[in-house]
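I have placed the structure first, in the form of structure tokens, so that the comments after it can refer back to it.
Nothing in this text is a laboratory measurement; each read-out follows from the coordinates by a stated rule. Being a predicted model, the structure only gives us computed values, none of them experimental. Cβ sites come from the backbone with ideal geometry, for glycine too, and all protein chains shown count toward neighbours.
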Amino acid sequence: MAVQSIQLDTLPASPEQARLWCAQLEDGEILYFPQTPAPIPAEDLDFLLNQRQSGASIHKNIAYKPDRDRLSGWDSQTMNDAEVNRLRGIMQRYSGSVTAFLTGFLAPYQGRWRRDYASYRPMEEQGRDLPLRRRNDLLHTDAFPTRPTRGARILRFFHNIHPTRTRDWVVGEPFRRVVKEFAPRQLSLPHSQSSAGRAAVRLARATGLASLVPRWKRTPYDEFMMQLHNAMKEDAAFQSTCAKVFVQFAPGSSWMVYTETVPHAVLSGQYALEQTFLVDPAAMVTPDSAPVKVLEKLVGANLT
Ligand SMILES: [Fe+2]
């Protein structure tokens, strides 16, 4: 686990350097920009910093779906239509500028990704009162309960827009190490396509997720990744004894990481933007590092 700091005056990088950065991401490292490469206009920043979630919206991220230009999670008690439209425009610009930057910066991927949601997280992360499986302050790898990725990788690009405070994370050891600890001990890692399917259905029923996700939409890979997310959060011994590092992201900085493979927890911080990309695992510069490949090698079966 390491943080690679990148200064903007070193960009654009050589093709060799770009491949190295991709390889570092795929190896579980965080690429950190002390100064964000996707800056936000001052008037947009002011608007974002003045947002307050209240009532039923207090625990929600504001989410923006780029392909539909749709905003959700905004606070209907405090925002009027004009403000909602303004916020949608800000998120649209943010999503577009991050995508434009990464299209060049991650050139080795050749745009082999789907742009997923962008989000704005205006709430204070410290002391949030959330159910265990939804807590962000426990180390976890990301998995989407209702939107299986079917093997695609979850790359997230963040921006701490708080004017003065750091955003504080804890980061654990990458997938290839933690998976060895969790797979045999706590998870019903599938042994074949058919038994995996049966295990997936049993698990979905046991966790109450069967009603949320049509069975055919989730691959054995998705089932495993969801189980891994839950098992990490529920394992108090892992939380307290696993190897981890404390990382602070400065005001105005950005960072990106494959969050489905790097265990992370958010301890404190307020006002962050984020854009998610679902990257084709076949586009990796080190294809064997993709979690679907690691798991398939472990069980000797196709998981998607
Ligand atoms: Fe997460």
Please compute the modelled spin-label separation between THR304 and VAL84, points set 7 Å along Cα→Cβ, answer in nm with one decimal. 3.6
Listed with the fewest Cβ neighbours within 10 Å leading, GLU274, GLU223, GLU16 appear as GLU16, GLU274, GLU223
So what is the calculated 222 nm ellipticity per residue for the chain, using -39500 (n - 2.57) for each DSSP H run with n of 4 or more, over all residues, to the nearest 500 deg cm²/dmol? -10500 deg cm²/dmol
A 20 angstrom limit on the alpha carbon distance is what I want to check against. Which of LYS244/LYS293; LYS233/LYS297; LYS244/LYS297; LYS180/LYS293 exceed it? LYS244/LYS293; LYS233/LYS297; LYS244/LYS297
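Give the calculated FRET efficiency between ALA13 and ARG176 to the nearest 0.05, with a Förster radius of 25 Å applied to their Cβ-Cβ distance.
Working: r = 26 Å, r/R0 = 1.04.
My answer for the efficiency is 0.45.
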Could you grab the relative contact order for the chain? Cα pairs under 8 Å, six or more apart, rounded to a whole percent. 32
Cα centroid distance between segment 225-272 and segment 15-52, in Å? 17
For a quick protection proxy, order the peptides 78-86, 95-103 by their average other-Cβ count within 10 Å, most packed first. 95-103, 78-86
Based on the mean of other Cβ atoms within 10 Å per residue, sort peptides 41-47, 143-149 so the most packed one is first. 143-149, 41-47
What dipole magnitude, in Debye to the nearest 20, does segment 219-284 give about its Cα centre under +1 on Lys/Arg Cβ and -1 on Asp/Glu Cβ? 320
For LEU228, LEU295, LEU267, LEU71, what ranking results if the residue with the fewest other Cβ atoms within 10 Å of its Cβ goes first? LEU267, LEU71, LEU295, LEU228
³J(HN,Hα) across segment 148-161 via Karplus (A = 6.51, B = -1.76, C = 1.60, θ = phi - 60°), whole Hz, x for Gly/Pro? x, 8, 6, x, 5, 8, 9, 9, 10, 10, 10, 9, 7, 9
Angle in degrees between helix 81-105 and the longest Cα principal axis of the chain, rounded to the nearest 10: 60
What number, in percent, do you get for the relative contact order of segment 68-184 if the mean sequence gap of Cα pairs under 8 Å and at least 6 apart is divided by its residue count? 16
The lysines whose Cα lies under 19 Å from the Cα of LYS65, excluding any fewer than 8 residues away in the same chain, are none
Express the relative contact order of segment 14-108 as a whole percentage, based on alpha carbon pairs under 8 Å and six or more residues apart in sequence. 35
Calculated FRET efficiency for the pair ASP288/SER5, C-beta based, R₀ 30 Å, to 0.05: 0.65
Could you put SER289, SER254, SER240 in order, starting from the residue whose Cβ has the fewest other Cβ atoms within 10 Å? SER240, SER289, SER254
To the nearest 10 degrees, the tilt of helix 175-186 (Cα long axis) against the first principal axis of the alpha carbons of the chain is 50
Mind checking the angle between helix 220-234 and the chain's longest principal axis? C-alpha axes, 0 to 90 degrees, to the nearest 10. 70
